[in-house]
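Asker: Here you go, one structure.
The values are calculated or read from the model by the stated rules, or taken from the named source; none is laboratory data. Keep in mind the model is a prediction, meaning the values are calculated, not measured. Positions of Cβ are backbone-derived with ideal geometry, glycine not excepted, and every protein chain shown enters the neighbour counts.
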C-alpha cells in the first residue's frame, strides 16, 4: 500500500506541473478554472489505478473477516496454546515473536519463553527460574534453548537435593555424586537412604537404618532387600509409636498393635481410651475404657461411640474440672466448650485472670478501651 501511495503522489504532482507549464498570461484564468474542475476526476483515476496495481502485486484483496479467520486459525490451535505457534506465515502456523512464546504452556512448564530460531526456547536464566522444574529438579539455567541444571548451585536449591540427595549437576540434570550428597537429605534422615549408588541414595547397611528416624520412631531398624523394615519386636517396643500408639509388635516389616496388651499400658489407652487391638491398631472397645481414660476426666468424653470417646449427655460438661477452670461448660458437637459469657463469668479464668468475655469460643479479657 505504501508503494501505491507514493505512486499516487508522483502522478498527481506530475499532472499539476504539466498543467502549470502550459499556461500563458492571457489565458491563465480560464485554463486554471478548467483544470481545477478536472482535478477530482484525475485523483479518482489515479486511485483506481493504484488499487488495480496493488491487486496485481498482492493477489485478490482479502476481506476483514477473512483476515480474522486466518489469525484465529493459528491462535486457537493446540500448537499456539502449547508451543507458541500463533503467527500465520505462508499458510502455516509458526512462532513469530516473543509474545507468542510468553502465552504458551511451554513457557510456564518448561521456561521456553523466547523466540529462538523458528521455535520457542529458553534464552535467559530468568526464563527458567520461575518454572517447577527449577524448584524441584534444579533446571534453572538456559543452555542451547533449554532449561538445564548447569551447576551445583542450581541443584542444591532444589527440592530433589533436599529430599533425595540429588545435589550435583551432570549432563544437564541433578544427580547423586557421593555419600555427602545423601547424608543431609530428608530420605537419609527418615528412611536410612544415606549411601550413594548409581546416581541414587539407597540404604546399604543396617547402620544406615539404625541412624534414621524410621528406626527411632517406627522400629524400622533392619536392612532387608535394600529397605529398612521392622524385623523384630524389640525395635518396635523401643520406638516412639509403641509408647504413643501401642504399635509394639513386628509384623510383615512394620510395627502393629497385635494384642490388647500392646495398647493397655500406653498413652493411646490411658489418655484416649483406645485400649483394644483391632486390625493392627488400638481402638475404643467399651464405655469402661473411656471412663477410665483422661479424656473423660478432663473433657467429659466418657461414652464409646464409633471408635472414639464422646460426651454423654447435655449436662456432662458442667460436672467436669474444665468447666470450673476454663468455662468449658456447654456441649458443642462431641466436645465441651464455652458457649456464652455466663460460662466464662462463672469460671476461675474470670475470677483469677479477668477472662470473663466469650470470643470465638474462648474466654478472654474484656477490653477496657
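Asker: Provide a single number: the residues in segment 130-162 that are closer than 17 Å to residue 107 by Cβ and in contact with a helix residue (DSSP H, G or I) (Cβ under 9 Å, 6 or more places away or on another chain).
Answerer: 13
Asker: Considering only segment 276-305, how many residues are over 25 Å from residue 338 (Cα atoms) and modelled with pLDDT under 90?
Answerer: Residues in segment 276-305 being over 25 Å from residue 338 (Cα atoms) and modelled with pLDDT under 90: 1 in total.
Asker: While we're on this one: Residue by residue through segment 70-99, note down the ones that are within 25 Å of the chain's Cα centre (by Cα) and closer than 12 Å to residue 118 by Cα.
Answerer: 83, 84
Asker: Could you check, for segment 201-224, whether at least one of its residues is out of contact with any strand residue (DSSP E or B) (no Cβ under 6 Å at 6 or more places or on another chain), at pLDDT below 95, surrounded by 15 or more Cβ atoms within 10 Å (Cβ to Cβ) and not in a helix (DSSP H, G or I)?
Answerer: yes
Asker: What number of residues in segment 348-369 are crowded, with 16+ Cβ neighbours inside 10 Å and under 15 Å from residue 299 (Cβ atoms)?
Answerer: 0
Asker: Are any residues in segment 137-162 part of a helix (DSSP H, G or I) and either surrounded by 17 or more Cβ atoms within 10 Å (Cβ to Cβ) or touching a strand residue (DSSP E or B) at 6+ places or on another chain (Cβ under 6 Å) (or both), and if so, which ones?
Answerer: Scanning segment 137-162 gives 137, 152, 154, 155, 156, 160, 161.
Asker: Could you go through segment 180-187 and let me know if any residue there is in a strand (DSSP E or B), over 18 Å from residue 86 (Cα atoms) and either over 22 Å from the mean Cα position of the chain (by Cα) or not assigned by TED's automatic domain parsing to the domain that holds residue 212 (or both).
Answerer: No, segment 180-187 contains no residue that is in a strand (DSSP E or B), over 18 Å from residue 86 (Cα atoms) and either over 22 Å from the mean Cα position of the chain (by Cα) or not assigned by TED's automatic domain parsing to the domain that holds residue 212 (or both).
Asker: Now a separate question. Scan segment 322-369 for residues that are out of contact with any strand residue (DSSP E or B) (no Cβ under 8 Å at 6 or more places or on another chain), at pLDDT 90 or above and assigned to a loop (DSSP other than H, G, I, E, B) and report the count.
Answerer: Here the count works out to 2.
Asker: Which of the residues spanning segment 73-115 are assigned to a loop (DSSP other than H, G, I, E, B), under 20 Å from residue 142 (Cα atoms) and in contact with a strand residue (DSSP E or B) (Cβ under 8 Å, 6 or more places away or on another chain)?
Answerer: Hits for segment 73-115 are 84, 95, 97, 104, 111, 112, 113.
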